[in-house]
């Protein structure tokens with residue numbers, strides 16, 4: 001009886017849990033535009049083919065927060081790749097975070113040789 005009640009509770013909890021957003025990613029490509037916003041956020045485009053964007057990402061750009069220590073390190077690497085013409089692959093988070101809630105936030109990117 002207790003096992004049945006636990007199973008029902010688990011099934012109900014899973015049914016009520018919202019689905020995760022689909023993160024997009026890109027094939028290898030060059031950074032084509034970088035916009036530094038006043039809030040310390042970098043929005044950029046890349047010319048690689050991108051998988052289906054999450055529903056929130058009505059803007060085709062990518063974004064990263066340059067106000068944190070990790071964001072500053074990623075921004076430095078992004079700017080280096082841009083300045084040297086290196087190609088990158090981007091993995092998104094599936095989330096669009098304010099103040100740019102129509103642009104997918106990057107999870108990470110890799111610089112290709």
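Does residue 58 count as surrounded by 11 or more Cβ atoms within 10 Å (Cβ to Cβ), at pLDDT 90 or above and not in a strand (DSSP E or B)? The answer is yes for residue 58.
For the range 50-58, the count of residues that are in contact with a helix residue (DSSP H, G or I) (Cβ under 8 Å, 6 or more places away or on another chain) and farther than 14 Å from residue 90 by Cα is zero. Considering each residue of the range 87-108, count those that are within 16 Å of residue 73 (Cα to Cα) and either touching a helix residue (DSSP H, G or I) at 6+ places or on another chain (Cβ under 8 Å) or in contact (Cβ under 8 Å) with a residue 60 or more places away in the chain (or both), and give that number. Adding up the residues that qualify gives 5.
Inspection of the range 66-86 identifies no residue that is in contact with a helix residue (DSSP H, G or I) (Cβ under 9 Å, 6 or more places away or on another chain), part of a strand (DSSP E or B), over 13 Å from residue 42 (Cα atoms) and at pLDDT 95 or above.
I need a count of the residues in the range 22-36 that are part of a loop (DSSP other than H, G, I, E, B), touching a strand residue (DSSP E or B) at 6+ places or on another chain (Cβ under 8 Å) and either modelled with pLDDT of 95 or more or over 14 Å from residue 97 (Cβ atoms) (or both).
Matching residues across the range 22-36 total 3.
Any idea which of 94, 40 is at positive phi and at pLDDT 95 or above?
Of 94, 40, the one residue that is at positive phi and at pLDDT 95 or above is 94.
Out of curiosity, is residue 95 farther than 19 Å from residue 24 by Cβ and either under 12 Å from the mean Cα position of the chain (by Cα) or part of a loop (DSSP other than H, G, I, E, B) (or both)? So that I can check it myself, show each step before the final result.
Values: farther than 19 Å from residue 24 by Cβ: no; either under 12 Å from the mean Cα position of the chain (by Cα) or part of a loop (DSSP other than H, G, I, E, B) (or both): yes.
Taking the combined requirement at face value, the residue does not satisfy it.
Return yes or no: is residue 19 modelled with pLDDT of 95 or more, farther than 18 Å from residue 99 by Cβ and part of a loop (DSSP other than H, G, I, E, B)? Considered against the rule, which asks whether it is modelled with pLDDT of 95 or more, farther than 18 Å from residue 99 by Cβ and part of a loop (DSSP other than H, G, I, E, B), residue 19 comes out as no.
The values are calculated or read from the model by the stated rules, or taken from the named source; none is laboratory data. All figures in this text were calculated on a predicted structure; none of them were measured in a lab. Because the Cβ atoms are built from the backbone with ideal geometry, glycine has one as well, and the counts that use them run over all protein chains shown.
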